[in-house]
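Structure first, commentary second.
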Amino acid sequence: MHIFFKTNYLICAKCEQKLVPHFYKFSIGEIGAVAIYKYDEEIRGLLYQLKGCYDIELGGVFLDRFKDELKTIYHDYYLVPAPSSKKSDREREFNHVRAIFNCLKLPYLPIVEKSFDYKQSELTVGARKEALSKLRLIDKTKLYGKKILIVDDVFTTGATVQGIIKLVKTLNPKKIRVLVMSKTFLK
């Protein structure tokens, strides 16, 4: 429906056609989750440009077409971003997950961090599954009555998101949901 109301997107029509949204619904235990895109070569290339080439202007491209709908759906949620490597954030001078989800203009609760710096892409599948031991709460403020939306750029094994869910649950939120920009589908 948004196509009838908004025509001034951040990207041209040709580039927009390359970003094919799917809005995959899936579950992580009893937690509902949505992945907007399939992690494909187009998404991979754009993420590399955002993260590896420090092109912060690309952050808004991924969600721009759907930001109004997403704001409506998640209007009373607080965003808990998946933590990034502090070293990478310093080098880039921005956090790529926040750059992607800033367009939602929802309040952030950056309450989870990595207990030491590591790049997810450099870990084996087995090491990724141990992600919970690499995460910790930095703010143990109770979330009672708050709706939490865990956000991340790529959902691969799900270990990071599962680790965040486990930590966030200890703070007693009213509801937890997950929104990821893209999801891999392993063969």
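All conditions in (1) closer than 20 Å to residue 89 by Cα; (2) in contact with a strand residue (DSSP E or B) (Cβ under 7 Å, 6 or more places away or on another chain) hold for residue 24, with the sole exception of (1).
Check the stretch 91-99 and report whether any residue there is closer than 19 Å to residue 48 by Cα, surrounded by 15 or more Cβ atoms within 10 Å (Cβ to Cβ) and among the β-branched types (Val, Ile, Thr).
Within the stretch 91-99, the first condition is being closer than 19 Å to residue 48 by Cα, and the residues that meet it are 91-99.
Filter again for surrounded by 15 or more Cβ atoms within 10 Å (Cβ to Cβ), leaving 92, 94-99.
Add one more test, that the residue is among the β-branched types (Val, Ile, Thr), and what stays is 97.
Yes, the stretch 91-99 contains a residue that is closer than 19 Å to residue 48 by Cα, surrounded by 15 or more Cβ atoms within 10 Å (Cβ to Cβ) and among the β-branched types (Val, Ile, Thr).
Only one entry in 110, 83 is surrounded by fewer than 16 Cβ atoms within 10 Å (Cβ to Cβ), part of a loop (DSSP other than H, G, I, E, B) and not hydrophobic (A, V, I, L, M, F, W, C), namely 110. Here 50, 149, 70 are screened, and the one residue that is modelled with pLDDT of 90 or more, part of a helix (DSSP H, G or I), under 18 Å from the mean Cα position of the chain (by Cα) and surrounded by 21 or more Cβ atoms within 10 Å (Cβ to Cβ) is 50.
Among the conditions (1) under 17 Å from the mean Cα position of the chain (by Cα); (2) modelled with pLDDT under 95, the only one that residue 87 does not satisfy is (1).
Can you find a residue in the stretch 128-138 that is more than 24 Å from residue 23 (Cα to Cα), small (Gly, Ala, Ser), within 18 Å of the chain's Cα centre (by Cα) and at pLDDT below 90? Looking for residues that are more than 24 Å from residue 23 (Cα to Cα), small (Gly, Ala, Ser), within 18 Å of the chain's Cα centre (by Cα) and at pLDDT below 90, one finds at least one in the stretch 128-138, hence yes.
Please enumerate the residues belonging to the stretch 53-67 that are touching a strand residue (DSSP E or B) at 6+ places or on another chain (Cβ under 8 Å) and not in a helix (DSSP H, G or I).
Result: 62, 63.
The values are calculated or read from the model by the stated rules, or taken from the named source; none is laboratory data. Remember, it's a predicted structure, so these values are computed and weren't measured experimentally. Note that each Cβ is placed from the backbone with ideal geometry, even for glycine, and that neighbours are counted across all protein chains shown.
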